[in-house]
Amino acid sequence: MVKNKDKFSRSGLAIKLSAIKGFSEPKVSVEQYITDSEVAATILWDAYMKGDIDRKVIADLGCGTGILGIGAMLLGADKVYFVESDSSAIETAKENARYIESESSAEFFLGDVKDFDKRVDTVIMNPPFGTKNEHSDREFLEKAFQIGDVVYSFHKSETKDFIERFSKDKNFKITQVIDFKFPLKATMKFHRKRIERINVSCFRFIKED
Ligand code: SAH
């Protein structure tokens, strides 16, 4: 059988991911934004090429409606854990996962990332940036470093120095930083411009021996 991933290119993946359903009623307090499908495909494809996805166990922390974890399923992950504290978002993630063709197993955890404790090979996450809840980015990173050996995580580019110190402290080293102008679609009432762009970087961390 031709496996899903063999049918794909990076742009084919982006097209598949553009069909993922977003938040029906995004909640400002927990910074609910779906990752843009082009951005998601860029990071997932890069992770796949580095051997961090195929046949691996993956966690998508703060999965929202599931775009990152679903991308990992499409690229041949063995298993993906979807972790999310918002019940309506995780229901949409389940629905999104149901519509894709993949042999990966998917497990959904409704709850706080703090309470998730499965070991995984790779964490791929776009967590809240800590704009509304000051330390949420830190909590997510801390959890990711506890459970995984390789971590991909999006953060505001301006927090790079903090991210560097924090990861070093936890014995992780940054091996790559990819910068994006992150399109935040105006799904929330307080956004004036239709598309806001902010500087966001995706960091890849690996555990040091
Ligand atoms: N990763 C998704 C969603 C990003 S928005 C994507 O890339 O599209 C951040 C998500 O983290 C939201 O869905 C929000 O509900 C969730 N979240 C925020 N704090 C959380 C916590 N403490 N535990 C679990 N999920 C949390």
* Structure fact -> Of the residues in region 64-74 that are touching a Phe, Trp or Tyr at 6+ places or on another chain (Cβ under 8 Å) and near the ligand (Cβ under 9 Å from one of its atoms), the one that is farthest from Val30 (Cα to Cα) is Gly69
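Residue by residue, here is whether (1) without any contact (Cβ under 8 Å) to a residue 40 or more places away in the chain; (2) in contact with a Cys (Cβ under 9 Å, 6 or more places away or on another chain) holds:
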site: Asp121; (1), (2): no, no
site: Met125; (1), (2): no, yes
site: Glu139; (1), (2): yes, no
site: Glu158; (1), (2): no, no
site: Arg165; (1), (2): yes, no
site: Lys168; (1), (2): yes, no
site: Lys173; (1), (2): yes, no
site: Lys181; (1), (2): yes, no
* Asked: Can you find even one residue in region 75-97 that is on the phi > 0 side of the Ramachandran plot and within 9 Å of the ligand (Cβ to nearest atom)?
  -> no
* Structure fact -> Among the residues of region 84-117, the number that are without any contact (Cβ under 8 Å) to a residue 60 or more places away in the chain, open to solvent by less than 80 Å² (accessible area, probe 1.4 Å) and of a type outside the set (A, V, I, L, M) is 13
* To do: Specify the residue that is nearest to the ligand (Cβ to nearest atom); the eligible residues are those in region 98-126 that are farther than 14 Å from Val151 by Cβ and in a helix (DSSP H, G or I).
  => Lys114
* Asked: When both residues are 6+ apart or on different chains and their Cβ atoms are under 8 Å apart, which pairs have a first residue that lies in region 31-52 and is of a type in the set (Lys, Arg), and a second that is not in a loop (DSSP other than H, G, I, E, B)?
  -> Lys50/Arg204
* Asked: Of all residues in region 64-77 being open to solvent by less than 10 Å² (accessible area, probe 1.4 Å) and outside any helix (DSSP H, G or I), which is farthest from Ala144 (Cα to Cα)?
  -> Leu75
* Which of the residues spanning region 127-181 are among the basic types (Lys, Arg), part of a strand (DSSP E or B) and within 14 Å of the ligand (Cβ to nearest atom)? -> Lys156
* To do: Could you please give the count of residues in region 105-138 that are modelled with pLDDT under 95 and touching a Pro at 6+ places or on another chain (Cβ under 9 Å)?
  => 2
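The values are calculated or read from the model by the stated rules, or taken from the named source; none is laboratory data. Nothing here was measured: the structure is a model prediction, and the numbers come from that model. Glycine also receives a Cβ, built like all others from the backbone with ideal geometry; neighbour counts cover every protein chain displayed. The accessibility values were calculated without ligands, DNA or RNA, using every heavy atom of the protein model including side chains. Shrake-Rupley method; radii C 1.70, N 1.55, O 1.52, S 1.80 Å.
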